[in-house]
Structures are given as C-alpha cells and as structure tokens.
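Everything on this sheet refers to the single structure shown next.
The values are calculated or read from the model by the stated rules, or taken from the named source; none is laboratory data. Computed from a prediction, not measured in an experiment: that's the story for all the values here. Cβ coordinates were reconstructed from backbone atoms using ideal geometry, including for glycine residues, and neighbour counts include every protein chain displayed.
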Amino acid sequence: MVSVLTSKNSSATKLAQAVEKADKQMKPFRQQRKQFLREWAGPYYGKDPIQGRQPMTLLYSTCAVLLPTLTMRVVKADVQTKKPELEWFALLLAEELNALCKECDAAKAFRRATFDSLFGMGILKVGLAPTPAGEFVEVEDYLKDPGKVFVETVDLDDYVIEQTRRRSAASFEGDR
C-alpha cells in the first residue's frame, strides 16, 4: 500500500492510486505465474522441500530443453549498412556493442528474461547508470559523465504499468 496520499500533493495521490489500481489488475497474472513456477519447481518449491530423489516434472523438462535453444551464451551484435563507405563504422560499432554486452553481462540478463517469458512476461531494463566519482572524461575542457551501460531483468512482481489498451498509451511504467 502506498502511503503518500496527502491533500497537498495531488499528483502524488493520483500516481499512488494508479499504482494501486495497476497492482490489483496485475494480481491474477502474478498468481498464475506463481502457480506455473510452483509446477515447474515441483516438490522443491517453498520452505520445506521434499528430501530424497523426485521425478522431474514435464514442465521442468520442457524448460530445460527450450531455454538453451532460445538463449545464447554469448551475445553478438551484427551491424550492417547499405552504404559501402560506412562499412568500417558498422564494424567498429559492432565491436563496441559486443564489448558493452560482455561488460554488462547481457547474456545472463537475456537468459533470465527468456525464462521469465516462459511463465508470463520477460522484462528487461536497459539504461545508463552514473559512473563512480573520479571516472569523468574531459572533452574540450568539460568534464563529462560517460555513464555505465546496464541490463537487468525486472521481476513481474516488481513491475508496475498503467493499465491501458495499448502499452504505448501508458502514462507510467517502471519497477519498484
């Protein structure tokens, strides 16, 4: 429950009410996902897992086969251009993108999002985070924060979006 409901801040009140409404509307999907995960994990789900050998569930076996097929261990960018004079730039951009994907461990995030998508919706958050102090780059006597690229998964339980007919029409979307 959101506790910013004050009379002075009406936009915060509206946002809090919209988040609560979105949570109520997402509740059936979250419950269904939990049920799928419980089925996937079988007797190992919960606080008191069953000891000893247990047969694998059919859902677990299916995920074990599909996941390596749908995901890759190494993310590799392929940049192409129709203009021959820009081919050198396309190769350079591909190398930089591959280095960034390796640096932020994008393959691990893609694998987790693919697993999440088998049981509902796989959500990735991609962006630039501020770099630690002292790692600024000087460009023409100006200190610039180059930022650090990150890729992380957002769990469906932490995902909040305004419920509209189209996702592009939503006023807000984010994670907790």
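Numerical summary
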item: Among (1) in contact with a Leu (Cβ under 6 Å, 6 or more places away or on another chain); (2) under 21 Å from SER117 (Cα atoms) - the single one PHE136 does not satisfy; result: (2)
item: Residues (acidic (Asp, Glu) and modelled with pLDDT of 75 or more) located in the range 143-176; result: GLU152, ASP155, ASP157, ASP158, GLU162, GLU173, ASP175
item: Top-ranked residue of the range 79-97 - restricted to ones that are charged (D, E, K, R) and either closer than 27 Å to LYS148 by Cβ or touching a Gly at 6+ places or on another chain (Cβ under 8 Å) (or both), ranked as modelled with the lowest pLDDT; result: GLU96
item: Filtered residues of the range 140-149 (kept if loosely packed, with under 13 Cβ neighbours inside 10 Å and not acidic (Asp, Glu)); result: TYR142, LEU143, LYS144, PRO146, GLY147
item: Those strands (runs of 3 or more DSSP E) lying entirely in the range 67-176 with at least 1 residues touching a strand residue (DSSP E or B) at 6+ places or on another chain (Cβ under 6 Å) and within 27 Å of LYS34 (Cα to Cα); result: 123-129, 148-154, 159-161, 173-175
item: When residues of the range 150-176 are limited to those that are under 19 Å from GLN17 (Cα atoms) and small (Gly, Ala, Ser), the one surrounded by the fewest Cβ atoms within 10 Å (Cβ to Cβ); result: ALA169
item: Residue match in the range 98-117 (condition: closer than 29 Å to VAL19 by Cβ, at pLDDT below 80 and not hydrophobic (A, V, I, L, M, F, W, C)); result: no
item: Where GLU140 falls short, out of the listed (1) at negative phi; (2) modelled with pLDDT under 90; (3) among the acidic types (Asp, Glu); result: (1)
item: Those residues of the range 103-139 which are without any contact (Cβ under 8 Å) to a residue 12 or more places away in the chain, more than 25 Å from VAL160 (Cβ to Cβ) and not aromatic (Phe, Trp, Tyr), in sequence order; result: PRO132, ALA133, GLY134, GLU135, VAL137, GLU138, VAL139
item: Hits in the range 80-139 - residues which are surrounded by 13 or more Cβ atoms within 10 Å (Cβ to Cβ), of a type in the set (Asp, Glu) and touching a Lys or Arg at 6+ places or on another chain (Cβ under 9 Å); result: ASP116
item: THR57 being at pLDDT below 80, farther than 24 Å from VAL151 by Cβ and hydroxyl-bearing (Ser, Thr, Tyr); result: yes
